[in-house]
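Remarks on the structure that follows.
The values are calculated or read from the model by the stated rules, or taken from the named source; none is laboratory data. Fair warning: this is a prediction, and the values are worked out from it, not measured in the lab. Methodologically, a virtual Cβ is constructed for each residue, glycine included, from the backbone with ideal geometry; neighbour enumeration extends over all protein chains shown. We work out accessible area using only protein heavy atoms, side chains counted, and drop any ligands, DNA or RNA first. Shrake-Rupley method; radii C 1.70, N 1.55, O 1.52, S 1.80 Å.
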Amino acid sequence: MNLYLRLFLLTVRIRLAGLRPGRRPSLWDEGRTPFRVALTDLDPLRHVNNGKYLSMLDLGRYDLLTRSGFWHEAWRRGWYAVVAAQTITYKRSLTLGQRFTLVTRVLGVDDRAVYIQQTFERRGSVVARAVVQARFLRRTGGTVTPEELVAAAGGAPRDLTLPGWVNAWADAVRISSAAPTGTARGASA
């Protein structure tokens, strides 16, 4: 299904849910976004294309940020989110017409970014799991600190220290501004 159509339908669902009385989820809660596999999600092997998973990850984060009210707060402050890095592991395939849920939760923060775990589930089984490193930038330029993010969310009700494996992954995928090691400048093949 076209990403813009899914975004529109998700926005309508979020607005309708906002009309119902009850507690609004927190940014620190688990977001659950339901989906159904559409024909346009499939690749020639008739299962969801790996790139479609990444687009759905965007929608899951949008859902959690919007339902919690953080999207509006970030926009009000002139902030916007960008993905700095992500990794995904696939365990099972999703095929045409299957219903599944994307579970999104904030893992924690470090001195540079916020880390989000997103899990695709079908009938209680994990289909795929991703970890996303995101940063918030200012429309006027510059990066929003994780401390500013936590303060804008009204504080954190739990420890946001990252698991060691997430720190190791973040260090391993960091791209420095220095020349790549082992590569001679100006060398030709």
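Of the accessible area of the chain, with the probe set at 1.4 angstrom, what percent is carbon plus sulfur?
Using a 1.4 Å probe with all protein chains present, the chain comes out at 55 percent carbon and sulfur.
Given an 8 Å cut-off on Cα distances and at least 6 residues of separation, report the relative contact order of the range 82-146 as a percent.
It comes to 38 percent, rounded to a whole number.
I'd like the GluC sites (Glu not before Pro) in the range 25-126 restricted to DSSP loop residues with at most 13 other Cβ atoms within 10 Å, sorted by number. List each step's numbers first, then the result.
Details: sites: Glu30, Glu73, Glu121; in loops: Glu30.
Answer by residue number: Glu30.
Please give the contour-minus-distance gain from Leu3 to Arg123: 0.36 nm per residue of separation, less the Cα-Cα distance, rounded to one decimal in nm. Provide the component values of the computation, followed by the final result.
Numbers: separation 120, 0.36 × 120 = 43.20 nm, distance 2.39 nm.
So the extension gain works out to 40.8 nm.
For the range 110-172, which trypsin sites (Lys or Arg not before Pro) pass both filters: DSSP loop (anything but H, G, I, E, B) and at most 10 other C-beta atoms within 10 Å? Provide the component values of the computation, followed by the final result.
Numbers: sites: Arg112, Arg122, Arg123, Arg129, Arg135, Arg138, Arg139, Arg158; in loops: Arg112, Arg123, Arg139, Arg158.
Qualifying residues, ordered by number: Arg123, Arg139, Arg158.
Once the whole set of protein chains is in place, how much accessible area is left on Ser177, using a 1.4 Å probe, in Å² to the nearest 10?
My reading of the accessible area for Ser177 is about 130 Å².
Of the peptides 82-89, 63-70, how do they stack up when ordered by the mean number of other Cβ atoms within 10 Å, highest first?
Top to bottom by mean Cβ count within 10 Å: 63-70, 82-89.
Taking only the alpha-carbon atoms of the range 82-188, what semi-axes of the equivalent ellipsoid follow from 5 times the gyration tensor eigenvalues under a square root, in whole Å, largest first?
29, 24, 13
Once whole DSSP H runs in the chain are found, which of them have Cα atoms spread over 20 Å or more along the helix axis and a mean Kyte-Doolittle score of at least -1.0?
3-19, 50-68
Cα atoms only: what Rg and Dmax, in Å, come out for the chain?
Rg then Dmax for the chain, in Å: 18.3, 66.
Amide H to amide H under 5 Å from Ala85: which residues, 5+ apart in sequence or cross-chain, H placed 1.01 Å off N in plane?
Gln133
Tell me which trypsin sites (Lys or Arg not before Pro) from the range 1-62 have a DSSP coil assignment and no more than 12 other beta carbons within 10 Å of their own.
Taking the range 1-62 and a limit of 12 other Cβ atoms within 10 Å, the loop trypsin sites (Lys or Arg not before Pro) found are Arg23, Arg46.
When only C-alpha pairs under 8 Å and at least 6 residues apart count, what is the relative contact order of the chain, in percent?
Once normalised by length, the contact order is 21 percent.
Treat each spin label as a single point 7 Å out from the Cα along the C-beta direction, and report the Thr145 to Arg36 distance in nm.
4.8
Subtracting the Cα-Cα distance from 0.36 nm times the residue separation, let me have the gained length for Thr95 to Asn50 in nm, one decimal.
15.0 nm
Counting only heavy atoms of the protein chains, get the accessible area per residue of the chain (1.4 Å probe) and round it to a whole Å² value.
So the chain comes to 60 Å² accessible per residue, rounded to a whole number.
Residue by residue through the range 29-44, what is 3J(HN,Hα) from phi via Karplus (6.51 cos²θ - 1.76 cosθ + 1.60, θ = phi - 60°)? Round to whole Hz and write x for glycine and proline.
Couplings: 7, 8, x, 10, 10, x, 9, 9, 5, 9, 4, 6, 7, 8, 9, x Hz.
For the range 78-111 and the range 114-144, what is the centre-to-centre distance using only Cα atoms, to the nearest Å?
5
Using helices alone, I'd like the mean residue ellipticity at 222 nm for the chain: each DSSP H run of four-plus residues gives -39500 (n - 2.57), total over residue count, nearest 500.
On the way: 5 runs with 61 residues, N = 189.
Value at 222 nm, helices only, nearest 500: -10000 deg cm²/dmol.
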